[in-house]
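The structure appears below as structure tokens.
The values are calculated or read from the model by the stated rules, or taken from the named source; none is laboratory data. Model, not experiment: these values are computed from the prediction. A quick note on method: Cβ atoms are made from the backbone with ideal geometry, for glycine too, and the neighbour counts reach across all protein chains shown. In case anyone asks, the SASA skips ligands and DNA or RNA and just uses the protein heavy atoms, side chains included. Shrake-Rupley method; radii C 1.70, N 1.55, O 1.52, S 1.80 Å.
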Protein chains: 2
Amino acid sequence: MSAKNLSFRDLQCLVAICDSGSISKAADACAISQPSLSERLKRIESQLGVELFERNKRSLLPSSTGEALAAKARELLVGVGAIDEVVAAAHKPLSGTLRVGVISTLGPYLMPYILPQLRKQYPELELIIHEDLTDALITELTGGSLDIVIAAAPLEVPGVREIGLFHEPFFLAVSKLHKFAGPHSTAAADLDGKDMVLLEDGHCLSDQALDICPAKRRTNKNRLHSMSLETLRHMVAAGAGYTLLPSLSVGNKPSLSKLISYKKLDGKRQYGRQIVLAHRSSFARKTDVHLFSQLIRDCLPDSVETILTSTRH
Amino acid sequence: MSAKNLSFRDLQCLVAICDSGSISKAADACAISQPSLSERLKRIESQLGVELFERNKRSLLPSSTGEALAAKARELLVGVGAIDEVVAAAHKPLSGTLRVGVISTLGPYLMPYILPQLRKQYPELELIIHEDLTDALITELTGGSLDIVIAAAPLEVPGVREIGLFHEPFFLAVSKLHKFAGPHSTAAADLDGKDMVLLEDGHCLSDQALDICPAKRRTNKNRLHSMSLETLRHMVAAGAGYTLLPSLSVGNKPSLSKLISYKKLDGKRQYGRQIVLAHRSSFARKTDVHLFSQLIRDCLPDSVETILTSTRH
DNA sequence: GTTTTCTATAGGATATCCCTATATGTTATA
DNA sequence: TATAACATATAGGGATATCCTATAGAAAAC
């Protein structure tokens with residue numbers, strides 16, 4: 001029979017017997033009764049088919065096999081300690097690895113607010129950040145290669161829970177030479193969509209921008225499309241048109257501020273997007289999820305409005 | 001609760017589940033039924049207090065803790081293989097370590113005959129050879145720091161079994177200038193003990209030599225004593241007297257053969273000593289003991305008479 | 001809609017674990 | 001030599017673990 005049927009306790013007992021040279025003392029050390037240990041040793045020996053100790057009437061003498069086995073056992077028990085460490089780490093908040101996906105129109109602007117505090121407060125957390133489009137992120141989330149996704153609501157994916165983080169207003173970004181750049185206010189209804197530059201398909205931001213001027217939804221063919229928000233910003237600065245930019249991306253971009261004017265859209269509605277944190281409903285680390293959510297809210301600038309406890313799905 | 005209560009089987013199952021991503025398939029791989037594995041996993045998780053897998057209705061997804069734990073488990077299972085190797089080695093004849101004690105008047109002359117064959121036939125045997133006086137060897141044998149002792153009979157120690165190996169004749173070693181060196185035969189009765197040189201106290205050879213001339217047993221004070229057989233031989237060569245040397249030590253010593261004459265003692269008795277192999281009666285490796293005994297007998301030169309199966313005690 | 005596939009649960013037989021009490025043999029001490 | 005002290009082994013019994021078959025329930029495949 002193989003050693004596969006041994007338990008760590010067996011090894012522990014074996015080492016204890018070897019160390020103390022006595023079943024009684026080892027039984028004390030292992031916190032079981034002497035008869036129990038005596039029988040356990042007998043069982044181990046019969047399982048392995050090897051005599052581990054010579055019974056010389058009163059004294060126990062480890063055989064050469066017993067000695068060799070105890071040495072291996074000592075090594076293995078160190079490894080068991082490592083398992084305990086893994087388990088212990090699992091009980092510590094925000095430790096180990098957390099794989100987070102963020103949409104690319106948010107990640108580069110959000111993360112700088114979060115990371116310093118995260119590293120300071122939870123140095124044992126290894127954060128893996130992945131930027132992609134919403135759909136890809138959701139696929140990875142449900143597939144298990146991401147633990148958390150930060151994206152714009154609504155996602156409404158079965159088996160995925162969303163926790164509201166904050167509302168990020170949109171700003172109209174327009175070249176200072178454009179007619180919208182003037183001191184007079186601009187309403188959503190004024191956006192005719194003709195001069196509007198957008199991100200390429202797949203970015204939720206484009207859909208959201210088009211939602212704001214719904215009448216023009218189907219006239220957005222042949223428009224200019226950009227791959228990144230920064231390219232978009234440069235296109236606006238170059239006079240290619242106007243666009244809607246999320247608040248966090250407007251933050252501190254002094255380099256282009258002479259060329260671009262940012263203004264809020266007029267109207268009763270607060271134009272913008274709702275950012276949520278999503279995770280599999282079955283994801284075990286609820287505490288980590290909530291600690292992470294709260295840390296994000298705490299680190300945000302005043303330009304966005306944090307959402308306290310809202311949870312969907 | 002700690003990982004100490006896990007068994008290797010638990011780890012094996014954990015790894016199997018992680019590898020296959022399915023309880024059913026892992027159950028097949030582990031050769032148990034699916035419900036058994038399902039419950040085992042549940043038990044492990046509750047023991048560790050950690051969710052190792054996310055149960056997403058139909059699919060199993062290892063949590064980050066589960067993944068980390070499986071990685072550790074894989075390492076540990078390699079170590080378990082090492083235990084199996086130790087056990088397997090214990091089943092192989094004459095492998096592992098064998099600690100052999102030999103009396104110093106025999107070891108240097110016997111071992112050269114044995115070691116080549118031993119190394120050839122059992123290359124996996126690590127032989128530890130220890131030379132000392134009989135009493136010290138017996139103490140180490142019963143104390144457990146030696147497995148086997150080769151010495152002159154009788155030992156008759158409780159709990160120690162003796163196996164006859166061979167009879168080693170004594171030769172009278174005498175300077176060619178001495179009166180005994182002549183062509184006429186010398187009888188035991190002729191040994192007056194006055195010119196006899198012996199090893200220091202503790203060597204059984206001295207007692208045996210004195211036994212041969214019993215009348216002189218108590219007149220051996222003030223005699224010359226030597227610490228090693230080779231010193232003894234040189235003393236004889238230098239004309240300090242005569243002595244009795246065991247056959248194996250006479251073997252091939254051409255350097256002194258011009259100065260020393262070796263001759264058998266006359267008489268009906270075969271003067272000499274009985275060499276036995278001794279081990280604790282409780283010593284588990286009976287097979288090894290007999291293989292070792294037989295190998296010694298097989299390697300001996302014709303100058304000694306091997307004993308086939310004699311066993312004492 | 002039915003079948004297949006996968007996990008979880010229920011019930012039950014057997015084995016394991018660990019206890020107390022006790023037997024047996026050894027060593028130390030009077 | 002008797003007695004006490006100590007160590008291991010055995011017996012008996014209760015709690016628990018292990019593993020099975022049968023079956024339920026839910027999702028996926030056809």
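Here are the numbers for this structure:
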| quantity | calculated |
| --- | --- |
| Residue list for the stretch A:1-32, filter: within 12 Å of DNA strand D (Cβ to nearest atom) and at positive phi | A:GLY21 |
| Strands (runs of 3 or more DSSP E) within the stretch B:85-163 that include 1 or more residues modelled with pLDDT under 90 | B:96-103, B:125-132 |
| Filter pass, A:LEU69 being in a helix (DSSP H, G or I), under 30 Å from B:LEU52 (Cα atoms) and more than 13 Å from DNA strand C (Cβ to nearest atom) | no |
| Output for the stretch B:6-57, where each listed residue is open to solvent by 50 Å² or more (accessible area, probe 1.4 Å), under 27 Å from A:LEU141 (Cα atoms) and more than 8 Å from chain A (Cβ to nearest Cβ) | B:ASP19, B:SER24, B:LYS25, B:LYS42, B:SER46 |
| Residue count, the stretch A:60-82 (criterion: open to solvent by less than 40 Å² (accessible area, probe 1.4 Å), more than 23 Å from B:LEU98 (Cβ to Cβ) and at the interface with chain B (Cβ under 7 Å from one of its Cβ atoms)) | 4 |
| Subset of the stretch B:83-96 [open to solvent by less than 30 Å² (accessible area, probe 1.4 Å) and either at the interface with chain A (Cβ under 7 Å from one of its Cβ atoms) or within 16 Å of DNA strand C (Cβ to nearest atom) (or both)] | B:ILE83, B:VAL86, B:VAL87 |
| Test: residue in the stretch B:226-247 that is of a type outside the set (A, V, I, L, M, F, W, C) and at pLDDT below 65 | yes |
| Residue within the stretch B:46-60 that is in contact with a helix residue (DSSP H, G or I) (Cβ under 7 Å, 6 or more places away or on another chain), within 12 Å of DNA strand D (Cβ to nearest atom) and assigned to a helix (DSSP H, G or I) present | yes |
| Tally, over the stretch A:268-289, of residues that are part of a loop (DSSP other than H, G, I, E, B), within 13 Å of chain B (Cβ to nearest Cβ), in contact (Cβ under 8 Å) with a residue 40 or more places away in the chain and not polar (S, T, N, Q) | 2 |
| Count of residues meeting criterion [small (Gly, Ala, Ser) and more than 7 Å from DNA strand C (Cβ to nearest atom)] in the stretch A:28-54 | 4 |
| Out of A:LEU52, A:LEU6, sole residue that is among the aliphatic types (A, V, I, L, M), in contact with a Leu (Cβ under 7 Å, 6 or more places away or on another chain) and touching a residue at least 24 places away in the same chain (Cβ under 8 Å) | A:LEU52 |
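Results for (1) touching a Cys at 6+ places or on another chain (Cβ under 6 Å); (2) more than 15 Å from A:SER7 (Cα to Cα); (3) within 16 Å of DNA strand D (Cβ to nearest atom); (4) touching a residue at least 12 places away in the same chain (Cβ under 8 Å), shown as yes or no for each residue.
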{"position": "B:PRO35", "(1), (2), (3), (4)": "no, yes, yes, no"}
{"position": "B:SER63", "(1), (2), (3), (4)": "no, yes, no, yes"}
{"position": "B:ALA73", "(1), (2), (3), (4)": "no, no, yes, yes"}
{"position": "B:ILE83", "(1), (2), (3), (4)": "no, no, no, no"}
